[in-house]
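Presented below is the structure to which this report refers.
The numbers here are math on the coordinates, done by the rules we state, and not lab data. Since we're looking at a predicted model, the values are computed, not measured. Methodologically, a virtual Cβ is constructed for each residue, glycine included, from the backbone with ideal geometry; neighbour enumeration extends over all protein chains shown.
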Amino acid sequence: MNPLQIAWRQALASLRFRAVGHGMSVFGVILGSGMFGSVQAYRMALAPMGLSLADSNRLQWFSWMAALMALVGIGNQFLLSVTARFREIGTLKCLGASNQLIGMIYAIESLMLGSIGALIGGVVGPVLGSMIAGRPSLEAAPLSFAVGLSIAFLAIWIPIAEVMRLPATSALRAED
């Protein structure tokens, strides 16, 4: 079995056993990409009606701040997930798992969770935002999906760096 298959198997097992924590991560991505998409769709729907440049810029800023807040929240959730699994990580390292394999497990988890959240938030947010403006449209959905997936992908890098820096013996000594 190659390392990618092992990483997929471990990531899927983790998703099953840690459903509540991962559900919170998915919810964060839904909120981040949904809010981003909602504001972008609202801005796009009002642009033909004479939305001023200053108002457009304010809405743009607001949507990016929503995405940034989601990034911080989801990054915190992933960091807590990694911290709670120090012993598991230490055991994997002692059994010969490389830092790259362990990082790959977390990256796959993040992309799976991000895909689910970005798909839901990337569709629901733009639809709601454009409906509020009175012009239902999915024009902002692709950008909203991409932002949601990016949020999840960027949020995992600090926790992955933490895992790679952790010696196996320290991980095994971690308290629950």
Report task. Check region 78-94 and report whether any residue there is surrounded by fewer than 18 Cβ atoms within 10 Å (Cβ to Cβ), of a type in the set (S, T, N, Q) and in a helix (DSSP H, G or I). Result -> yes
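Report yes if some residue within region 152-173 is farther than 20 Å from Leu111 by Cβ, under 21 Å from the mean Cα position of the chain (by Cα), buried (at least 16 other Cβ atoms within 10 Å of the Cβ) and of a type in the set (A, V, I, L, M); otherwise report no. Before you say what the answer is, go through the steps one by one.
Step one: list which residues in region 152-173 are farther than 20 Å from Leu111 by Cβ, which gives 165-173.
So of that shortlist, the ones also under 21 Å from the mean Cα position of the chain (by Cα) come out as none.
Scanning region 152-173, I find no residue that is farther than 20 Å from Leu111 by Cβ, under 21 Å from the mean Cα position of the chain (by Cα), buried (at least 16 other Cβ atoms within 10 Å of the Cβ) and of a type in the set (A, V, I, L, M), so the answer is no.
Quickly run through region 147-176 and pick out the residues that are part of a helix (DSSP H, G or I) and charged (D, E, K, R).
Let us first name the residues in region 147-176 that are part of a helix (DSSP H, G or I), namely 147-155, 157-165, 168-173.
Across region 147-176, the qualifying residues are Glu162, Arg165, Arg173.
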Query raised in the report: Is it fair to say Leu111 is free of Cβ contacts under 8 Å to residues at least 12 places away in the same chain and within 18 Å of Ala11 (Cβ to Cβ)?
Result: no
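Could you list, in sequence order, all residues of region 15-26 that are touching a residue at least 24 places away in the same chain (Cβ under 8 Å) and over 17 Å from Phe153 (Cβ atoms)?
Step one: of region 15-26, the residues touching a residue at least 24 places away in the same chain (Cβ under 8 Å) are 15, 18, 21-22, 24-26.
Arg18, Gly21, Met24, listed by residue number.
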Report summary line: Expected single match for surrounded by 16 or more Cβ atoms within 10 Å (Cβ to Cβ) and not β-branched (Val, Ile, Thr) among Leu53, Leu31 is Leu31
